[in-house]
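So the structure is just underneath, and the comments pick up after that.
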Amino acid sequence: MSETSAVPTASLRARAEIDLGALRANVRALRARARGAGVMAVVKSDGYGHGAVPCARAALAAGASWLGTATAEEALALRAAGLPGRILCWLWVPGGPWRQAIEADIDVSLSGMWALREVTAAAREAGRVARVQLKADTGLGRNGCQPGEDWAALVAEALRAEAAGLVRVTGLWSHFACADEPGHPSVAAQLGRFREMVAYAEERGVRPEVRHIANSPAALTLPESHFDLVRTGIALYGISPSPELGTPADLGLRPVMTLSASLALVKRVPGGHGVSYGHHYVTPGPTTLGLVPVGYADGIPRHASGTGPVLVDGKWRTVAGRVAMDQFVVDLGGDEPPAGAEAVLFGPGDRGEPTAEDWAQASGTIAYEIVTRIGTRVPRVYVNGRQPG
């Protein structure tokens, strides 16, 4: 069965088709890779641009045991939409909505003493036990508590708060810096440091439900890092974390998003005709131009000007000239598909269309950014949303 938006698909300027059946299959493949560890479906940034709530529901239906978000607002939105189960939220600033998170039964991540003090105060006000997870900085250098004295102090204070009935330490965790680079020496170093920091906390009485450090690339390639839970973000959406690790098909994954648009205009032009701002492309001879009605306001990278690939009328075309705010042009080489014909920017590649990785290569970025940046002007159309009956 298919589920679509209320807008008739034929009238859409552009659409991002989200295959929830593919997402469920990806969860099942990741569960098999996890070998007994739980799978957290990370749905931050509106599900990496795919839609957080529908993707979260599909992931849970396929056996994900946790949901993960960056911001508290993302986590609270999942609860407001009726999503059950465990949710971890990890990016906090002073004054964050601790009490709302506690009352919504969200597990909150703590990286420093200030956060522990704020969450215990909120727990006291709410009359509820806060579920907290302590994050260790094992070498990424972003969020997380430093090893040594800082970690010792955070663990000790968390145990005191737990003894006072204010918090329950549900997890110990960290994040890799270079798991997408096979053989990088930092991976083994971080894994060793994580084991040491977990051992220290457990020796002093912390009894976590879950210990986790594996992100998507580690979940796919480093079984020794799986512990109790793997956090899968980009892999959930069927995109390889890195070309060095293989294609999605190599990893048993299928891309979930297909981005397409309807040609707004097809016209013949003479040779020597400038195309788009700055005339960085000039037609080498008489040809046809197709107008694709999406641009950088929709998340199409301006850096893909002159390089971005598009499938039109069964052939790969390339962005001709600059990507503008709302549109770009492709040189159709004399072909004359009708206005309204489909232009596929990226998808799984089954029909010969480009993939998100192709756009990443064309733009000098990573596939994560390509899907995540697709803006709200592009409707998400959900297909295969129901489990087979």
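The values are calculated or read from the model by the stated rules, or taken from the named source; none is laboratory data. Just so you know, these numbers come straight off a predicted model, no measurement behind them. Backbone-built Cβ (ideal geometry, glycine too); neighbour counts: all protein chains shown. The protein model used for the area step is the full one, side chains on, heavy atoms only, and it has no ligands, DNA or RNA in it. Shrake-Rupley method; radii C 1.70, N 1.55, O 1.52, S 1.80 Å.
Taken one residue at a time, the phi angles of the stretch 253-269 give Karplus couplings (6.51, -1.76, 1.60, θ = phi - 60°) of 10, 10, x, 9, 9, 10, 9, 9, 9, 9, 4, 8, 6, 10, 8, 8, 9 Hz. Gly and Pro are set to x. For the stretch 131-252, the equivalent ellipsoid derived from the Cα gyration tensor has semi-axes of 30, 15, 10 Å, listed largest first. Here the stretch 188-282 is treated as a Stokes sphere of Kirkwood radius computed over C-alpha pairs; at 37 °C and 0.692 mPa s its diffusion coefficient rounds to 184 µm²/s. With a Förster radius of 45 Å, plug the Cβ-Cβ distance of THR365 and GLU209 into 1/(1 + (r/R0)^6) and report the FRET value to the nearest 0.05. That gives a FRET efficiency of 0.80. Surface analysis of the chain yields an accessible area of 41 Å² per residue, using protein heavy atoms and a 1.4 Å probe.
Simple rule: put +1 on each Lys or Arg Cβ and -1 on each Asp or Glu Cβ in the stretch 236-389, find the dipole, and look at VAL282, ALA343, GLN327; the Cα lying farthest toward the positive end is GLN327. Quick one: Cα centre-to-centre distance for the stretch 204-249 and the stretch 58-107, in angstrom? Using only Cα atoms to place each centre, the spacing works out to 19 Å. The H on the amide N of VAL381, modeled in the peptide plane, is under 5 Å from the matching H of ALA16, GLU17, ILE18, each at least 5 residues off or on a different chain. Taking the three principal axes of the alpha carbon atoms in the stretch 231-389, the coordinate ranges are 52, 35, 28 Å, sorted in descending order. Amide H contacts under 5 Å for PHE346: LEU259, restricted to partners 5 or more places along the chain or on a different chain, H placed in the peptide plane at 1.01 Å from N. In sequence order, the stretch 105-112 has phi-based couplings of 6, 9, 6, 10, 8, 10, 10, x Hz under the Karplus curve 6.51 cos²θ - 1.76 cosθ + 1.60, θ = phi - 60°, and Gly or Pro positions carry x.
The relative contact order of the stretch 302-359, computed from alpha carbon pairs under 8 Å that lie at least 6 residues apart in sequence, is 34 percent.
With contacts taken as Cα pairs under 8 Å and at least 6 residues apart, the chain reaches a relative contact order of 19 percent. Each Lys and Arg contributes +1 and each Asp and Glu -1, all at the Cβ; summed about the Cα centre of the stretch 123-173, the dipole is approximately 280 debye.
Backbone geometry of the stretch 190-204 corresponds, through the Karplus equation with coefficients 6.51, -1.76 and 1.60 at θ = phi - 60°, to 3J(HN,Hα) couplings of 5, 4, x, 5, 4, 4, 5, 6, 5, 4, 4, 5, 6, 4, 8 Hz, x marking Gly and Pro. When only the Cβ of Lys, Arg, Asp and Glu is charged (+1, +1, -1, -1), the dipole of the chain relative to its Cα centre reaches about 640 debye. Taken over the stretch 39-180, the convex hull of the Cα atoms encloses 108 Å³ per residue. Computed extension length for GLU157-ALA126: 9.2 nm, one decimal, from 0.36 nm per residue of separation with the Cα-Cα distance subtracted. If each Cα of the stretch 118-162 is one equal point scatterer, what is log10 of I(q)/I(0) from the Debye formula at q = 0.23, 0.27 Å⁻¹? Debye curve over Cα of the stretch 118-162, log10 I(q)/I(0) at q = 0.23, 0.27 Å⁻¹: -0.84, -0.98. As a length-normalised measure over Cα pairs under 8 Å and 6 or more apart, the relative contact order of the stretch 247-366 settles at 30 percent. All alpha carbon pair distances within the chain were sorted into 20 Å bins beginning at 0; the resulting P(r) in whole percents reads 27, 49, 21, 3. Measuring nothing but alpha carbons in the stretch 252-316 and taking Rh as the Kirkwood radius, the Rg to Rh ratio lands at 1.01. Remark: the stretch 183-317 carries a charge dipole of roughly 540 debye about the Cα centre, counting +1 on each Lys and Arg Cβ and -1 on each Asp and Glu Cβ.
Bridges between two residues of the chain, per DSSP, are antiparallel at a rate of about 45%. Direction-averaged projected area, Cα convex hull, the stretch 306-383: 5.9 nm², rounded to one decimal.
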